[in-house]
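Encoded as structure tokens, the structure appears first; notes follow it.
The values are calculated or read from the model by the stated rules, or taken from the named source; none is laboratory data. The structure displayed is predicted, hence computed values, not measured ones. Cβ sites come from the backbone with ideal geometry, for glycine too, and all protein chains shown count toward neighbours. Accessible surface areas use protein heavy atoms only, side chains included; no ligands, DNA or RNA. Shrake-Rupley method; radii C 1.70, N 1.55, O 1.52, S 1.80 Å.
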Amino acid sequence: MLRTKPIKDVIAQSEADGSDGRLGLKRHLRARDLTGFGIGIVIGTGIFTLTGIEARDSAGPGVVVSFAIAGVVALLAALCYAELASSVPTAGSAYTYAYATMGEVVAWIIGWDLLLEFALGAAVVARGWSGYLAELLGLPTAWFGEEGSIVNVGAIGIVLLLGVVAIVGVRESARVTNLLVVVKVAICVFIVAAGLFFVKAANLTPFIPSSQPADAGEDGIKQPVTQALFGLEPSVFGFVGVLSAAAVVFFAYTGFEAVANLGEETRRPKRDLTLGLIGTLLISTVLYIGVSLVLVGMVPYTEIDRGAPIAAAFNAVGAGWAGVLVSIAAVAGLTSVILVDLVAMGRIGFAISRDGLIPPAVARIHPRWGTPYRISGVMTVAVALLAGFLPLSALADLVSIGALCAFVIVSIAVPILRRRRPDLERPFKVPFSPVLPLVSALACLYLMLNLSVETWIRFGVWMALGALIYLGYGYRRNRLARHEPVATEPAGEPTPTP
Ligand SMILES: NC(=[NH2+])NCCC[C@H](N)C(=O)O
């Protein structure tokens with residue numbers, strides 16, 4: 001279980017599989033596309049809905065500080081990702097780094113965790129997408145996400161449609177994503193610029209309302225683990241509220257890691273992955289702080305709308321036309337989130353099955369499209385079913401805990417890889433290692449602990465399921481266990497098993 005996959009094999013494999021002319025993934029992407037993918041997956045439901053809920057219920061105008069805190073933590077993790085991704089550009093990202101540094105069982109945990117994050121990320125956002133679309137076009141909500149309806153046709157439709165785009169090619173996906181990103185970023189900038197005229201200083205005081213007792217849910221399962229552990233009275237507002245809001249709005253930053261899964265499809269991975277990762281985070285942090293500041297400045301926090309806070313804020317100041325623009329941005333934004341989630345999910349599944357921890361037959365790359373079409377196809381259908389039939393709104397926190405868990409491992413992997421393979425070429429290095437990577441790991445862990453008891457329980461159930469699959473299949477059947485070469489076979493044609 002602790003066996004590691006030698007880093008030279010990882011590199012040889014990603015180079016062989018990724019060179020054009022073979023049946024590998026195709027190298028089409030440039031730094032601009034990577035940043036497009038990054039912003040494509042990052043800016044979405046988080047800023048358009050969570051901002052309102054957390055300002056109203058947990059942090060007040062201090063939600064701006066929550067976004068700043070979450071942004072700094074995400075940036076630290078992105079620096080760690082940048083070091084690993086630029087020195088070992090592989091489709092598996094965190095999963096592969098863990099395989100090379102901490103051993104197979106940790107790698108599997110992370111791989112399984114990432115599948116949760118990306119599949120559920122796509123499904124949760126598809127739900128939100130459907131609701132926004134129905135509102136924008138006045139469609140019958142019974143089919144588009146009304147509470148209690150049996151099937152959500154809109155969510156299924158968008159997932160299948162974008163699944164096809166993801167399978168047909170990474171270049172096609174990049175084009176669609178870039179277009180959507182331009183629309184949503186332009187509208188976000190507009191929101192900030194237009195909203196500034198309506199900001200009232202009075203709305204910003206008190207900036208962090210004083211603390212108040214909170215509803216902890218039945219058996220206290222809705223309160224943050226930190227409060228439950230130390231037996232604190234559940235509370236909101238005050239700095240405690242700002243911190244727990246930071247853990248929730250962290251969702252808005254999740255997904256940037258998808259950039260690191262595109263290393264085998266990038267022309268100059270060593271340079272461009274770093275640019276894509278850090279560029280994505282800087283741009284989104286600035287936009288988030290701007291948008292959230294304008295929102296809490298426009299409306300007293302006690303009157304912020306929970307469903308569509310930004311559009312409602314413009315309505316409240318008599319600029320209802322801006323609300324339409326905001327809805328367009330939300331639909332464009334959510335579309336790109338789902339698309340990039342589906343693209344990345346295929347790459348993670350591909351990397352895991354290439355190693356044989358799930359059946360290797362699904363790792364095959366399509367000869368013309370250059371994408372892992374089988375695994376992407378299977379997982380797209382699974383996501384469509386999840387999005388169509390399960391009540392998902394409560395599961396966004398599960399996406400965040402999945403992301404944070406991966407970030408903890410990736411941060412720890414940085415100093416480990418520096419010791420174990422000191423000679424590895426590192427185009428980008430995290431400054432002040434091991435201090436900064438450790439701070440990053442602890443900060444992510446702390447945010448995890450600020451998520452609710454309920455979320456931890458659900459996460460535990462998913463991980464236990466993963467452990468069963470590993471023991472039942474992956475542990476025995478994978479390539480390292482069977483002493484099969486991992487680097488020499490031409491991609492796309494799995495070695496016939498005797
Ligand atoms: N892989 C993921 N984490 N996907 C979900 C991304 C969600 C995105 N950050 C948003 O605010 O809408």
Point to revise | Contact order relative to length of the chain, as percent, for alpha carbon pairs under 8 angstrom and 6 or more apart | key: 33
**Study point:** Förster radius 45 Å - calculated FRET efficiency between Leu229 and Ile328, Cβ distance, rounded to 0.05
**Key:** 0.55
Check your understanding: Using the beta-carbon distance between Ala202 and Arg306 and R0 = 25 Å, what value does 1/(1 + (r/R0)^6) give for FRET efficiency, to the nearest 0.05?
Key -> 0.70
Practice item. Rounded, prolate or oblate: pick one for region 214-371, where a ≥ b ≥ c are the square roots of the eigenvalues of its C-alpha gyration tensor, a/c under 1.5 means rounded, and failing that, prolate if a/b is larger than b/c, else oblate. Key: oblate
Exercise for review: Pop a pseudo-label 7 angstrom from the Cα along the beta-carbon direction at both Val151 and Phe432 and give the gap in nm to one decimal.
Suggested key: 5.5
Practice item. List, in order, the whole-Hz ³J(HN,Hα) value for each residue of region 340-351 obtained from phi through the Karplus relation with A = 6.51, B = -1.76, C = 1.60 and θ = phi - 60°; use x for Gly and Pro. Key: 5, 4, 5, 4, 5, 4, x, 5, 5, x, 4, 5
Exercise for review: Report relative contact order for region 52-174 in percent, whole number only (criteria: Cα-Cα under 8 Å, sequence separation at least 6).
Suggested key: 11
Study note, to complete from the structure: By the Cα gyration tensor axes a ≥ b ≥ c (a/c under 1.5 gives rounded; else a/b larger than b/c gives prolate, otherwise oblate), the shape of region 170-224 is oblate
Revision key, fill the gap. The chain accessible area per residue, 1.4 Å probe, protein heavy atoms, integer Å², reads 38
Point to revise | Extension gain, Arg368 back to Arg420 (0.36 nm per residue minus Cα-Cα distance, nm) | key: 14.9 nm
Check your understanding: Sorted by mean Cβ packing within 10 Å, highest first, what order do the peptides 95-103, 175-183 take?
Key -> 95-103, 175-183
**Study point:** Segments 120-127, 67-74 sorted - mean Cβ within 10 Å per residue, highest first
**Key:** 120-127, 67-74
Point to revise | Proximal charge balance of Ala330 [Cβ under 14 Å; K/R count +1, D/E count -1] | key: 0
**Study point:** Tensor-based shape of the chain (alpha-carbon gyration tensor, a/c under 1.5 rounded, otherwise prolate or oblate)
**Key:** prolate
Review point. Which order do peptides 239-248, 159-168 fall in by mean Cβ count within 10 Å, highest first?
Key: 239-248, 159-168
Review point. Tell me, in nm to one decimal, what length is gained between Ile469 and Lys270 on full extension, where the rule is 0.36 nm per residue of separation less the Cα-Cα distance?
Key: 68.2 nm
Check your understanding: How high is the FRET efficiency between Arg477 and Leu445 when r is their beta carbon distance and R₀ equals 35 Å, given to the nearest 0.05?
Key -> 0.60
Practice item. Report the one residue of Ile109, Val63, Gly323 whose Cα lies farthest in the direction of the positive end of the charge dipole of the chain (charges on C-beta: Lys and Arg +1, Asp and Glu -1; origin at the Cα centre). Key: Ile109
Exercise for review: Rounded to the nearest 500, what is the 222 nm mean residue ellipticity of the chain from helices alone, with -39500 (n - 2.57) per DSSP H run of 4+ residues and division by all residues?
Suggested key: -20500 deg cm²/dmol
Practice item. Using just the alpha carbons, could you tell me how many Å³ per residue the convex hull of region 288-408 encloses? Key: 162
Check your understanding: Among Lys184/Lys429; Lys8/Lys270; Lys26/Lys429; Lys184/Lys222, which pairs are too far apart, with a Cα-Cα distance over 21 Å?
Key -> Lys184/Lys429; Lys26/Lys429; Lys184/Lys222
Revision key, fill the gap. Once the dipole of region 28-481 is set up from charges on Cβ (+1 Lys and Arg, -1 Asp and Glu), the residue from the list Tyr473, Pro309, Leu293 lying farthest towards its positive end is Tyr473
Check your understanding: In whole Å, what is the distance between the alpha-carbon centres of region 102-171 and region 45-96?
Key -> 20
**Study point:** Accessible carbon and sulfur surface of the chain relative to its total accessible area, %, 1.4 Å
**Key:** 68
Check your understanding: How big is region 237-329 by the Kirkwood estimate over distinct Cα pairs, in Å?
Key -> 15.8
Exercise for review: List the GluC sites (Glu not before Pro) within region 142-236 that fall in a DSSP loop (any state other than H, G, I, E or B) and whose Cβ has at most 16 other Cβ atoms within 10 Å.
Suggested key: Glu146, Glu147
